[in-house]
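Worksheet for the structure shown next.
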Amino acid sequence: MNRFWCLFFVASAVLAVVFFYIGPACGWWFPGVAASPLGQQIDDLFYLILAITGVTFIGVHAVLGYILWKFSGKEGKRSDFQHGSHTLEVVWSIVPAGVLLFIALYQMDVWAAFRMKSRFDQEALANPIAEVTARQFEWRIRYPAPGKVLQDTPQPDDLYTVNDLHAPAGKPVVIKLRSEDVLHSFFLPHLRVKQDAVPGLVIPVWFEANEPKAYDLVCAELCGWGHYKMRGQLTAQPQADFDAYMKKLKETQFDDGFKEAADE
Amino acid sequence: MRFSSLSIICLGGMSLALAGCGQPPEPVFAPSAKATVLVPAAQRLVSESLVENFGTPNKLVAWQQFPINYGAAEPTASDAGRHDEGWRLREGRKLYMVHCLHCHGVAGDGAGPTSRFLNPRPRDYRQGVFKFKSTAGGMKPSTADLHRTLVEGIPGTYMPSFVLLGQEQIGLLADYVKWLSIRGEFEEKLAGGMGKAGATSEELRKSYKDKRESDKSISYEAVENEILDDIRKELPETLTERAQDLTDDWLAGENPENATFPTAKRVRPDAASIARGRELFLSKDVKCSDCHGPAGRGDGPMTEQFIKITDSDRSYDTPGFRDFWGQPIVPRNLTRGVYRFGRRPIDLYRKVKNGIHGTPMPAISNRVTEEQIWDVVNFVMSLPFGGKESASPGEADGEGGEAKVAEAAGS
C-alpha cells in the first residue's frame, strides 16, 4: 500500500499523455473540424485551453507521484510539522491568475466577433435573412419576401416555414432570434454557434457556413418535455439555389389552388 | 462486519437497479367508452372481433379490405424488416410509438401520457373525424391531407412539424394513423350498434324490468341471452357492412374529385376586395362576425350562448362552443395570423367554403359566389395587418412594390 498512491498519480499522468497522443487520431471526444471560420477560431481557443490544462494536469500528477515516492513514510520515523511557505503560496496564486488573465484577454477578440454588433458584418446585419421563433417544440421561421428587408412585425408578403432554415453558404448571414414561450437555445453544433432565445428579446445571431450542405439545428436549453424533439435543420446552399428556394416558397405559400383545378 | 454491511448495500443497490430493468407492460389498445358501457359478454364480442381483424399493438393484423398500403413483402430488400407482408404497417407503428404515442395514445384516443398537459387536447382519431382536410363536410381526409398536417405541424397547437423525418417515414406514419382511425371507428360503430340493440348494462336492466311486468318467471340471464343471440346472429354481416362503409368512406376521401378547389382565381386582394369581404363578413347572410366578432377577434355574440349537449336536451353549464369531442372551443382570433391548417390562400378558401368538420364552423352559404368567397378570404388575410393590406406575394401586382418597402422601413 505504501507506493500505491504514488503509482496511481504517476499512472494518471502517463494515461493522460497516451490519450492526448492517440485521442485525436481516433476521433475521441474531439469536436471535429468546425464548419465555419468563427467556429475554427472557437476551436483554436478550445485547443489552447486544452493544452494549458493538459500540461498542468500532467505536471501536477508527475510532481505528486514524485513527492509521494520520495517522502512516503518509513518505519520508525515520525513526520514533522511545518506551518507552510508564504513564497510558495504567492507563487501558486499568481501563476494560475496570470494564466486566467491571459485566457481572458486572449479570447476577447473571438467573443467580440461572435457577440458585438459593431463587429458583425454590417451588410448582413442590415439584411437579416430570417426571423427564427423558438416555441415548444419547434422552430418557426419567417423570411422577408425576396428583395425586401425583414421587419420586426409580420408583413403581408412574408414567407413562412417550420424547422427548415435555409441560408446562403460562404458568407456571413444574420437571423433574428426570438422565443414565443420559454427559454430555448439556438444551437448549430457544426458551426459552433449557440445563443439562448429569451422571451421578450429579439437577438441577432450571425453565422457563416463554409460549405453548402445540411447542418443540424438543435435546442440546447431544456425547454420542456418535448425538448429532445425540437430538431431543425440548416440548409446552406449557393446564393442562386437559395434565391430559387425562396421563389418556390413564395409560389407555394400564395397558391390559390386554381391552376390545379384547370389541369384536371 | 465492515465487509458484510458493504456487501448488503451492494446487493441492495443491485436488486434495485435490476428491478428497474424489467420488461415494460405489454401495450394494449384501450377499449372505447362506447364499448365499456356494454355488458361483459358484448364487450367480449367487440374485443374478439377487434383482435381478430386488427390484432394487438405487438401483433398487428392487416385487414386487406381497407385502402391502405400495408407494404407487400420484398424478399430481396436489404432491410430485413421489409421481408414480410405488412412491413409498412409495422414500421409505421414503430415510428408512431416513438413520435406520436405520448400525446395521441396507443389506440389513437388522444389520451397519451403527455396529453393532459395540453390545450388544445391531442386529436382522438377513433371517431374518424378530422378537421384539417381538403374534402368537404364529413368526408374523410385524403392521405395527402394527413401528410400535410405531419409536414407542417399545426401552428397554435402542440402538434409539431415532422418535416425532418422525410417523405417516406411521414408516409408510413400517415398510413398508420389512417389504420388506427379505421380501427377506432370500427370499434365505435360496432360497440355503438350493440348499445343501440340494448346490450348496455343500463338498457338491459330496463328491458328486464319491462319484461318482468308481463312475465314474472323470466330471468335476467334469459333477457340478456336473447339480446346477445340476436347480436351474435347478425355479427358476421355487421362486421362486413361496417368494414365496407369505412372502405367506401376512405376511398371517397382519397378520390381527387372530392378535394375542394376554387373554380375561380383568387380575386386580386386590393382595398376594394377587402372592403367587399368585410361587408360579407359582417352581413346577415354570411354571419362570420356572429362568432368571429366584428373585428375578427373571435369574440362574437354567439360565444356567450349556452350550447346544447349532443343527443341530450340539456345544455352545458358554461357558455361557449364545444367541438365534436366535447371540448370547449373558441372561434379563431383572425387578427393573430396563426392559421392551423396553413396560410395559403387555398387553405383559407377551403375553410370558408367547407367549414371545419368537428367544430361549429359551418360551410358558407351556397348563394355566395366564388369571387365573394375570395373577397372574404382577402378580408380575413388582411386582419393581421389592421385590415389595410391582405397577405399576398406583393410585387406580382406590378405596382407599389418599392413604395411598400420604403413605407415599411420607415415604420
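Residue-by-condition table, conditions (1) in a strand (DSSP E or B); (2) outside the structural domain of residue A:138 (by TED's automatic domain parsing); (3) open to solvent by less than 40 Å² (accessible area, probe 1.4 Å):
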position	(1), (2), (3)
A:181	no, no, no
A:185	yes, no, yes
A:194	yes, no, no
A:206	yes, no, yes
A:216	yes, no, no
A:232	yes, no, yes
A:241	no, no, no
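Residues being within 13 Å of chain B (Cβ to nearest Cβ), in contact with a helix residue (DSSP H, G or I) (Cβ under 9 Å, 6 or more places away or on another chain) and either closer than 19 Å to residue A:200 by Cα or of a type in the set (Gly, Ala, Ser) (or both): count how many of those fall in segment A:114-149.
Count: 5.
Among residues belonging to segment A:45-92 that are free of Cβ contacts under 8 Å to residues at least 60 places away in the same chain and among the polar types (S, T, N, Q), point out the one that is farthest from residue A:8 (Cα to Cα).
A:87
A quick yes/no check of all residues on (1) of a type in the set (A, V, I, L, M, F, W, C); (2) closer than 29 Å to residue B:348 by Cα; (3) within 22 Å of the chain's Cα centre (by Cα); (4) open to solvent by less than 60 Å² (accessible area, probe 1.4 Å):
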position: B:188; (1), (2), (3), (4): no, no, yes, yes
position: B:193; (1), (2), (3), (4): no, no, yes, yes
position: B:217; (1), (2), (3), (4): no, no, no, no
position: B:252; (1), (2), (3), (4): yes, yes, yes, yes
position: B:258; (1), (2), (3), (4): no, yes, yes, yes
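Exactly one of these conditions fails for residue B:106: (1) surrounded by 13 or more Cβ atoms within 10 Å (Cβ to Cβ); (2) part of a loop (DSSP other than H, G, I, E, B); (3) within 14 Å of another protein chain (Cβ to nearest Cβ). Give me its number.
Answer for residue B:106: the failing condition is (3).
Return yes when residue B:67 is in contact with a helix residue (DSSP H, G or I) (Cβ under 7 Å, 6 or more places away or on another chain), surrounded by fewer than 20 Cβ atoms within 10 Å (Cβ to Cβ) and closer than 24 Å to residue B:242 by Cα and no when it is not.
Considered against the rule, which asks whether it is in contact with a helix residue (DSSP H, G or I) (Cβ under 7 Å, 6 or more places away or on another chain), surrounded by fewer than 20 Cβ atoms within 10 Å (Cβ to Cβ) and closer than 24 Å to residue B:242 by Cα, residue B:67 comes out as yes.
Which of the residues that make up segment B:123-153 are open to solvent by 20 Å² or more (accessible area, probe 1.4 Å), in a loop (DSSP other than H, G, I, E, B) and either within 14 Å of chain A (Cβ to nearest Cβ) or in contact with a helix residue (DSSP H, G or I) (Cβ under 6 Å, 6 or more places away or on another chain) (or both)?
Once the filter is applied, which keeps residues that are open to solvent by 20 Å² or more (accessible area, probe 1.4 Å), in a loop (DSSP other than H, G, I, E, B) and either within 14 Å of chain A (Cβ to nearest Cβ) or in contact with a helix residue (DSSP H, G or I) (Cβ under 6 Å, 6 or more places away or on another chain) (or both), segment B:123-153 yields B:132, B:136, B:139.
Restricted to segment A:197-254, and to residues that are away from every other protein chain (no Cβ under 14 Å) and of a type in the set (S, T, N, Q), which residue is farthest from the chain's Cα centre (by Cα)?
The qualifying residue farthest from the chain's Cα centre (by Cα) is A:239.
Within segment B:341-378, work out how many residues are open to solvent by 10 Å² or more (accessible area, probe 1.4 Å), in a helix (DSSP H, G or I) and more than 9 Å from chain A (Cβ to nearest Cβ).
Of the residues in that region, 8 qualify.
The values are calculated or read from the model by the stated rules, or taken from the named source; none is laboratory data. Note that this is a predicted model, so its numbers are computed, not measured. No Cβ is skipped: glycine too gets one built from the backbone with ideal geometry, and neighbour counts run over all protein chains shown. Note: areas computed on protein heavy atoms with side chains; ligands, DNA, RNA excluded. Shrake-Rupley method; radii C 1.70, N 1.55, O 1.52, S 1.80 Å.
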